[in-house]
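Below is one structure; the comments refer to it alone.
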Amino acid sequence: MVVVGIARREDLLKKLSEEVDSYRGKFYYKSFDIRNEKHITECIQWTVTTCGSIDVLINNAGVYDETKLVDESMDHGKMIMETNYLAGCIFTKEVINEMKLKGIDDGHIININSVAGHYRAEPIKALIHNASKHCITLTTDSIRRMLVNEGSKIKITSLSPGVTIKESTEQQLKSIPDMTYLETEDIANAVLYILGTPPNVQVCELTIRSIGETMY
């Protein structure tokens, strides 16, 4: 598979490229600001020019913040919604239109969501983050219904992990006694499972947690 990585920080993309250099397939990367709609459009066109078409889109951008709404500037709240939700909406719109243009009827869109998008999640001070995840849940199912009504076989999935350890959360999570968490590899394996389903099967929602998780 040919994979294109998109992020704001080019240094992280370069590091990832070096890590996967020995793998089969190809990895291209480009630095774009996904909070800028013009940049997203340019990103889609660059990807199509580089790879020919887009068959799979994984919306994985996200930020987490626990600032209370009453203490939060709306500029900060807007940044969270633009990153976690609106950017994915724009990517999804552009990629679906590109798939239709190229006659791709077996494409797949995976929105990396969160269990926080399904419950009145703790901590309650992470209100805007949690709200952005609820938006992903609703929008994913609405797009699925739209595609079904159009007779399209393009699939769309909401993948909702529980607590996951990553670079930005590793120090915090490892400091909590008895905390259980998923690894990023667990999320990757879930993506492979979703993509590996036969053409007549659509995973609409997949929720995964570590054994013993009690946060949600």
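Observations on the model:
- Condition met for Asn97 (farther than 25 Å from Cys43 by Cβ, surrounded by fewer than 20 Cβ atoms within 10 Å (Cβ to Cβ) and free of Cβ contacts under 8 Å to residues at least 24 places away in the same chain): no
- Checklist (1) more than 15 Å from Ser132 (Cα to Cα); (2) touching a Phe, Trp or Tyr at 6+ places or on another chain (Cβ under 8 Å) applied to Asn59, failing item: (1)
- Residue that is farthest from Val163 (Cα to Cα) [pool: residues in region 23-68 that are assigned to a loop (DSSP other than H, G, I, E, B) and among the aliphatic types (A, V, I, L, M)]: Ile54
- Among (1) without any contact (Cβ under 8 Å) to a residue 12 or more places away in the chain; (2) among the aliphatic types (A, V, I, L, M); (3) not in a helix (DSSP H, G or I) - the single one Met146 does not satisfy: (3)
- Candidates are the residues of region 44-71 that are touching a His at 6+ places or on another chain (Cβ under 8 Å) and among the hydrophobic types (A, V, I, L, M, F, W, C); the one that is surrounded by the most Cβ atoms within 10 Å (Cβ to Cβ) is Leu57.
- The lone criterion from (1) buried (at least 16 other Cβ atoms within 10 Å of the Cβ); (2) more than 17 Å from the chain's Cα centre (by Cα) left unmet by Ala7 is number (2).
- A residue that is assigned to a helix (DSSP H, G or I), over 13 Å from the mean Cα position of the chain (by Cα), closer than 19 Å to Leu159 by Cβ and modelled with pLDDT of 90 or more can be found somewhere in region 94-112.
- Restricting Lys30, Lys26, Lys38, Lys68 to those that are modelled with pLDDT of 90 or more, more than 24 Å from Thr184 (Cα to Cα) and of a type in the set (Lys, Arg) reduces the list to Lys38.
- In summary, Met74 fulfils each of the numbered conditions (1) modelled with pLDDT of 95 or more; (2) loosely packed, with under 15 Cβ neighbours inside 10 Å; (3) more than 20 Å from Lys38 (Cβ to Cβ) with the single exception of condition (1).
- Region 113-137, subset hydroxyl-bearing (Ser, Thr, Tyr) and closer than 22 Å to Ala188 by Cβ, residue modelled with the highest pLDDT: Thr137
- Among the residues making up region 174-216, those that are under 25 Å from Leu147 (Cα atoms) and part of a loop (DSSP other than H, G, I, E, B) are Gly196, Thr197, Pro198, Pro199, Asn200, Val201, Gln202, Val203, Cys204.
- Any hit, region 63-82, residues being touching a strand residue (DSSP E or B) at 6+ places or on another chain (Cβ under 8 Å) and touching a residue at least 40 places away in the same chain (Cβ under 8 Å): no
The values are calculated or read from the model by the stated rules, or taken from the named source; none is laboratory data. Being a predicted model, the structure only gives us computed values, none of them experimental. Counting neighbours? That spans all protein chains shown, and the Cβs are built from the backbone with ideal geometry, glycine included.
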